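Here's the structure we're looking at; comments come further down.
The values are calculated or read from the model by the stated rules, or taken from the named source; none is laboratory data. Since the structure is predicted, the reported quantities are computational estimates derived from the model, not experimental observations. Neighbour counts run over all protein chains shown; Cβ positions are idealised from the backbone, glycine included. When the accessible area is computed, the model is the full protein with side chains, heavy atoms only, and any ligands, DNA or RNA have been set aside. Shrake-Rupley method; radii C 1.70, N 1.55, O 1.52, S 1.80 Å.
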Amino acid sequence: MAGKNERQRRQAREKHRRQQEQRLVRQRQVRRRWAIGTLAVLVAAGVGTLLLIFLPGGSAKKASAAASKSPSASPTATATAVAEPAHHCSYTSATRVAKKVSLPPATPDYTDSYQATINTNQGKITFNLLNNKATCSVNSFVHLAEAGYFNNTQCHRLLTSGIYVLQCGDPYATASAKLNCSTTSKIGTGTPGYDFASENLTGAKYPAGTVAMANEGSASTNGSQFFIVYKDSTSGLTASYTPFATVSSGLGIVQNVAKGGYSCQYAQAGGGVPKKKVIIDGVTIKKT
């Protein structure tokens, strides 16, 4: 009997240890995926205040180095320049998979022009995709949209100070999920099972209407998560996030969501869950 009790206690200790390890892994994943970008210096009343802003890949997604808010600030991630439009795209398998899909085609339709319509419960938001400037990002986005990857997902993160964006594209944030700001949640860590490199970063700016890829703090960690800039965020973001589209209609929808604020705040990532739930019913792609 004593031996049996000892085995049970040992098994209980082992189970507790595994749970602790799993919890720590989830917390690290959240921190990696949410960091969007910069350690910005904000000057108010002559006093500089440091503000660490995170996204969604990422992803936005995450900061790997501090960067000044000044015009001379260096980006947190750099990429080898690729002549655009790209004639070949490389997509690398990733182990972090929220919703598995096939890899996009390696040979993009780089001569085509695309328009994407995000059909949400709040209304339609239309993007003009920048296929001649961010060919591989557009190629991936079109592939995911046509595969139904974004269907029945929520835009899971809203930033309303310094950086003004709504972040979407994580299938862990299902339409029916009751999103919260727990550090143990998988929300914000989702990928399609592949990564790809950044594009269109030279001189990148983030005025209202910009749509850009979230990443994990390095130029090769783009996946499915993207963010919509609803108010000029150029001064808050370094040129580290691939601008791949511009909003042609429906930006007011995002601005109205932003006015509602968020219901809880992500302790480490910044921002929070939008009070006005934005559910993506589907994304339609049209060649123009």
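What residues qualify as long-range amide H neighbours of Ser248, i.e. H under 5 Å apart, gap of 5 or more or another chain, H built at 1.01 Å from N?
Thr126, Phe127, Asn128
Decide, for segment 161-288, between rounded, prolate and oblate: order the square roots of the alpha carbon gyration tensor eigenvalues as a ≥ b ≥ c, take rounded if a/c falls under 1.5, and otherwise choose prolate if a/b is larger than b/c, else oblate.
Rounded shape, in that the Cα axes give a/c under 1.5.
Can you put Cys264, Cys89 in order of accessible area, largest first, using a 1.4 Å probe?
Correct descending sequence by accessible area is Cys264, Cys89.
Expressed as a whole percent, how much of the Cα-Cα distance distribution for segment 184-241 exceeds 18 Å?
More than 18 Å apart: 36 percent of the Cα pairs in segment 184-241.
Give me a comma-separated list of calculated 3J(HN,Hα) values for segment 119-133, in order, Karplus coefficients 6.51, -1.76, 1.60 applied at θ = phi - 60°, integers in Hz, x for any Gly or Pro.
The phi angles translate into 8, 10, 5, 9, x, 8, 10, 10, 10, 9, 7, 8, 5, 8, 10 Hz.
What net charge is computed for the residues neighbouring Lys133, neighbours being all others with C-beta under 10 Å from the C-beta of Lys133, Lys and Arg scored +1, Asp and Glu -1?
Local net charge: -2.
First check a/c for segment 160-208, with a ≥ b ≥ c the square roots of the eigenvalues of its C-alpha gyration tensor; if it is under 1.5, answer rounded, and if not, answer prolate when a/b is larger than b/c or oblate otherwise.
oblate
If you add up the charges near Cys264, with Lys and Arg at +1 and Asp and Glu at -1, over every other residue whose beta carbon is less than 12 angstrom from its beta carbon, what do you get?
Around Cys264, the charge tally is +3.
What number comes out for the charge environment of Ile285, summing +1 per Lys or Arg and -1 per Asp or Glu over other residues with Cβ under 13 Å away?
With Lys, Arg at +1 and Asp, Glu at -1, the net is -1.
Please list, in order along segment 275-288, the HN-Hα scalar couplings obtained from phi with the Karplus expression 6.51 cos²θ - 1.76 cosθ + 1.60 (θ = phi - 60°), rounded to whole Hz, x for Gly and Pro.
Using θ = phi - 60°, the values come out as 5, 8, 5, 10, 9, 8, 6, x, 10, 9, 10, 10, 7, 10 Hz.
How long are the three semi-axes of the equivalent ellipsoid of segment 75-213, in whole Å, if each is the root of 5 times an eigenvalue of the C-alpha gyration tensor, listed from largest down?
24, 18, 16
Which ³J(HN,Hα) values in Hz, rounded to whole numbers, follow from the phi angles of segment 230-245 under the Karplus curve 6.51 cos²θ - 1.76 cosθ + 1.60, where θ = phi - 60° and Gly and Pro get x?
So the Karplus estimates, Gly and Pro as x, are 9, 8, 3, 10, 4, 6, x, 10, 7, 6, 10, 10, 4, x, 10, 6 Hz.
Could you tell me the center-to-center distance, by alpha carbons, between segment 79-139 and segment 237-262 in angstrom?
First find each Cα centre; the distance between them is then 18 Å.
Round to the nearest 0.05 the FRET efficiency obtained for Lys259 and Lys286 when R0 = 45 Å and r is the Cβ-Cβ distance.
0.90
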